[in-house]
Amino acid sequence: MPDKDTSAQSNPGTEKAAPFVSKMHQAGMPGPVIELFSEYVRQLLRSQSVGFIPESSIEPIQESEVMNQDGLSAQDEDTGRSHLDQAVAIKLNGGLGTSMGMPYAKSLLTVKSGLTFLDIICEQAVVRGGDTHGPGLVLMDSFNTHADTKDHLDNMQVPEEKRPWSFLQHTYPKILAETLQPVKCPEDPELEWNPPGHGDLYAALYTSGMLEKLLKAGKRYALVSNADNLGAVLNPAILGYFIRNRLQFLMEVAQRSAADKKGGHLAKQADGHLLLREIAQCPEEDVPAFQDISRHPYFNTNSIWLDLKALQEMIETQGLPRLPLIVNPKTLDPRDESTPRVYQLETAMGAAISSFERSAALHVDRKRFAPVKKTNDLLTVRSDCYVLSDTYQLLLNPRRDLPALEVDLDSKYFKKVDQFEDRFPFGEPSLVDCTQLMVKGDVLFEAEVVCRGQVELRNETSVQQRVQRGSILSGEKVWT
């Protein structure tokens with residue numbers, strides 16, 4: 001973080017923010033977004049500790065303070081079903097699968113039964129009958145994913161009237177860490193800008209006109225979730241609970257395990273308002289407390305429910321939500337560590353839980369949280385551990401009665417999707433009876449392989465080894 005700037009303290013950075021304002025004006029960005037970004041820049045200039053939420057400033061959430069999905073009533077279900085035509089699913093479709101070596105929209109990755117994420121979420125929307133008043137599905141694209149997504153829908157030959165609506169998230173100027181000035185990169189101008197995080201949802205909905213368009217189409221309630229989380233579907237009981245309690249914002253949270261200790265967690269402010277803290281907002285000395293899953297038992301699944309009318313009223317009376325800032329240190333070119341250091345200013349969608357008067361959290365079943373962040377997750381979801389229902393919902397295979405599957409594939413050979421596909425050329429092994437699969441070294445799986453219990457494969461040679469067709473694996477196998 002930069003050192004404190006004394007001139008910025010006496011004059012809250014207005015002058016130093018001017019180059020960013022000019023740059024965004026030249027790019028034709030909406031006034032409210034420019035104003036919001038300028039405020040974030042001034043925060044950065046004012047303090048070296050901007051973006052941090054110390055442990056001393058928050059209180060843990062007790063289990064008794066969070067409603068459990070199991071406690072939802074038949075009345076909630078009935079209310080939700082009677083309002084489904086007023087509900088819409090909004091999917092965050094701005095990400096590339098860069099962590100898996102994908103240069104295109106992550107939602108276009110084939111994930112189950114030969115279908116991509118986008119294919120499945122489109123089918124989910126149709127099944128839930130969103131066509132009565134406007135669409136059942138809306139996509140928030142980024143400048144990286146919009147063209148890819150449109151091309152895919154064209155290739156699917158989806159009729160225009162059945163296509164999901166879409167809108168674009170904004171971009172923010174990157175900030176040179178050394179000078180705190182806007183980046184200039186004439187040889188590749190796109191590198192001068194960064195996605196602002198999914199906290200841009202509220203600004204993008206409003207300035208794009210999508211918020212007003214949805215309300216005019218009779219859509220009052222929205223479930224917003226990641227495109228790679230097929231577990232997050234419109235649930236009538238949750239919708240009914242949201243409506244009956246006159247909520248404006250509801251965050252779906254799940255019980256943290258050791259695997260979730262780095263994910264953003266739910267907490268309380270001193271005044272009792274709920275708060276989301278991400279790992280990037282945690283001072284280094286507070287990381288042990290952040291990762292203490294007994295102290296902070298709930299993590300944010302990044303699925304939220306919104307009252308769109310309440311959001312519109314809030315923006316028109318108070319302006320765009322001012323969310324806690326996340327300052328993300330990066331290199332100018334994320335693929336080249338030798339390029340200059342920059343700051344990317346970002347915000348988290350879930351942080352708006354502090355912005356709404358009537359906000360709450362709901363403890364949901366882990367079945368509603370099945371994201372694919374790595375090829376480890378991709379193997380689990382593609383395998384027979386999960387099935388795709390007739391309504392295109394991703395469900396745990398009813399044959400499976402075991403703890404959550406742990407998959408650990410050697411990142412040297414399986415990290416990228418093309419590497420992964422090369423090593424599972426005949427499809428995934430059966431994992432429905434497997435509790436753990438660990439692969440170290442270069443291993444190729446032939447067809448009809450079955451894994452049971454704990455399986456560890458270690459190739460200690462310099463030559464790729466094969467698991468033969470029809471093998472039944474259990475325990476440890478080592479090639480030396």
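Here LEU168 meets each of (1) touching a strand residue (DSSP E or B) at 6+ places or on another chain (Cβ under 6 Å); (2) over 26 Å from LEU394 (Cα atoms); (3) at pLDDT below 95; (4) open to solvent by 30 Å² or more (accessible area, probe 1.4 Å) with one exception, condition (3).
Among the residues of region 47-56, just one is assigned to a helix (DSSP H, G or I) and surrounded by fewer than 16 Cβ atoms within 10 Å (Cβ to Cβ), namely SER56.
Within region 57-70, identify whether any single residue is in contact with a Ser or Thr (Cβ under 8 Å, 6 or more places away or on another chain) and either open to solvent by less than 30 Å² (accessible area, probe 1.4 Å) or modelled with pLDDT under 95 (or both), and answer yes or no. The answer is no, given that none of the residues of region 57-70 is in contact with a Ser or Thr (Cβ under 8 Å, 6 or more places away or on another chain) and either open to solvent by less than 30 Å² (accessible area, probe 1.4 Å) or modelled with pLDDT under 95 (or both). For GLY427, the test of being under 23 Å from ALA370 (Cβ atoms), under 31 Å from the mean Cα position of the chain (by Cα) and not β-branched (Val, Ile, Thr) is passed.
Scanning region 298-335 for residues that are out of contact with any Pro (no Cβ under 8 Å at 6 or more places or on another chain), assigned to a loop (DSSP other than H, G, I, E, B) and open to solvent by less than 60 Å² (accessible area, probe 1.4 Å) gives PRO321, LEU323, PRO324, LEU325, ASP333.
Looking across region 57-73, the residues that are outside any loop (DSSP other than H, G, I, E, B) and either under 14 Å from GLN281 (Cβ atoms) or out of contact with any Pro (no Cβ under 7 Å at 6 or more places or on another chain) (or both) come down to SER57, GLU59, SER64, GLU65, MET67, ASN68, GLN69, ASP70, GLY71.
I'd like the full set of residues that are charged (D, E, K, R) and either in contact (Cβ under 8 Å) with a residue 60 or more places away in the chain or surrounded by 15 or more Cβ atoms within 10 Å (Cβ to Cβ) (or both), limited to region 449-463. Don't jump to the end; show me each part of the working.
The initial filter retains those residues of region 449-463 that are charged (D, E, K, R), namely 452, 456, 458, 460.
ARG452, GLU456, ARG458, listed by residue number.
Among strands (runs of 3 or more DSSP E) entirely within region 349-439, having at least 3 residues that are touching a residue at least 60 places away in the same chain (Cβ under 8 Å) and open to solvent by less than 60 Å² (accessible area, probe 1.4 Å) singles out 359-363. Within region 28-56, restricting attention to residues that are more than 28 Å from GLY209 (Cα to Cα) and charged (D, E, K, R), which residue is modelled with the highest pLDDT? Here the answer is GLU55. Of everything in region 175-201 that is touching a Ser or Thr at 6+ places or on another chain (Cβ under 9 Å) and within 30 Å of ILE353 (Cα to Cα), the residue that is surrounded by the most Cβ atoms within 10 Å (Cβ to Cβ) is ASP200.
Summed over region 218-275, the residues that are open to solvent by less than 10 Å² (accessible area, probe 1.4 Å), of a type outside the set (A, V, I, L, M, F, W, C) and closer than 18 Å to ASN68 by Cβ give a count of 4.
Considering THR79, THR149, the condition of being open to solvent by 10 Å² or more (accessible area, probe 1.4 Å), of a type in the set (Val, Ile, Thr) and not in a strand (DSSP E or B) is satisfied by THR79 alone. Restricting region 118-142 to residues that are at pLDDT 90 or above and among the charged types (D, E, K, R) leaves a set whose member that is least open to solvent (accessible area, probe 1.4 Å) is ASP141.
The values are calculated or read from the model by the stated rules, or taken from the named source; none is laboratory data. Note that the coordinates shown come from a computational prediction; the quantities given were computed from them, not determined experimentally. Cβ: placed from backbone, ideal geometry, glycine included. Neighbour counts: every protein chain shown. Ligands, DNA and RNA are stripped out before the accessible areas are found, and what is left, the full protein with its side chains, is counted by its heavy atoms. Shrake-Rupley method; radii C 1.70, N 1.55, O 1.52, S 1.80 Å.
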